[in-house]
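One structure is given here, and the rest of the page talks about it.
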């Protein structure tokens, strides 16, 4: 006998309360990153206008792209909270995955390609840098702000529990925090690259180093964008629940006295907080049809 397919979780329980807390933390992470990147973009653009540094311009474009990205993530969160409709009976949870995928495309097109192009131009037509102390000062402030945003994002990933950041990004079903985490980590590395590139330009008197720095930042952004695109593509196609969540669902089903065993259990994330569960189970052969139907309803409403 096959249990009906249902969305999980259905009742308001501890898991859903934890999910609400996760959404609130995710919102704070995005907001902090958005405010930080607005300030960084302005500061870095001023730094580029003062110095003419290609690395500084690459970092400014990077921050502008990140600012747009956080805006897209907020749009995705808002659109995903719409109620179900006849056309979309399972809701709009996957909107968050779609907008996260757009973020990865934006990083690649507006950030990575622009930085690489500017770096190549700087190699072909190198230009001397002006007012270098301003560049170091602005990049120092950028390092502080990026590091603060990265710290906020890292603290929100309480489920890491010994996992590496890469493992967390691979396992997470909420796309926003991994995106901000990777963006901030890349930003910190990018600022360090820009500092080294400008420093080498000053030490050697050769502006080619500045172009090399811009290209390196572009390659960093390319790697991050491809990683995010791969992960969000997997979420868009449809990923199963984590082994821990699947085990809890299995435990709840088998705990019911009407269930004699499981034939299979299939899960599919409709969004970060919504799970489609399909179960085929063996039930007590002596049960009446009414008793079996009541058992199915009871299991569907059982908190997980």
Listed peptides 179-185, 48-54, 267-273 by packing density, highest first (mean Cβ within 10 Å): 179-185, 48-54, 267-273
Degrees separating the helix 132-156 axis from the principal Cα axis of the chain, which is the longest one: 10
For the chain, built as a Gaussian network whose Cα springs stay under 10 Å, the top-fluctuating residue of 114, 260, 43: 260
Two-site FRET efficiency, residue 113 against residue 230, from Cβ-Cβ distance with R₀ of 22 Å, rounded to 0.05: 0.75
Listed residues 75, 116, 30, most fluctuating in the chain (Gaussian network, C-alpha, under 10 Å): 75
Sequence ranges 282-291, 203-212, ranked by mean other-Cβ count within 10 angstrom, highest first: 203-212, 282-291
For the range 30-63 and the range 177-197, distance of Cα centres in Å: 12
Between helix 289-300 and the chain: long-axis angle, C-alpha atoms, 0 to 90°, nearest 10: 30
Contour excess over end-to-end distance, with Cα ends at residue 278 and residue 74 and 0.36 nm allotted per residue: 70.3 nm
Which of 62, 174 has the fewest Cβ neighbours within 10 Å, and the rest in rising order: 174, 62
Crossing angle, helix 243-255 versus the chain [Cα axis fit, 0-90 degrees, rounded to tens]: 10
Average Cα contact separation per residue, the chain, under 8 Å, 6 or more apart, as relative contact order %: 28
Alpha carbon centroid spacing (whole Å) that separates the range 118-155 from the range 247-298: 55
Helix-only CD estimate at 222 nm, as mean residue ellipticity for the chain, using -39500 (n - 2.57) per DSSP H run (n ≥ 4): -23500 deg cm²/dmol
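FYI, it's all coordinate maths here, none of it is from the lab. Keep in mind it's a predicted model, so treat the numbers as computed, not measured. Cβ: placed from backbone, ideal geometry, glycine included. Neighbour counts: every protein chain shown.
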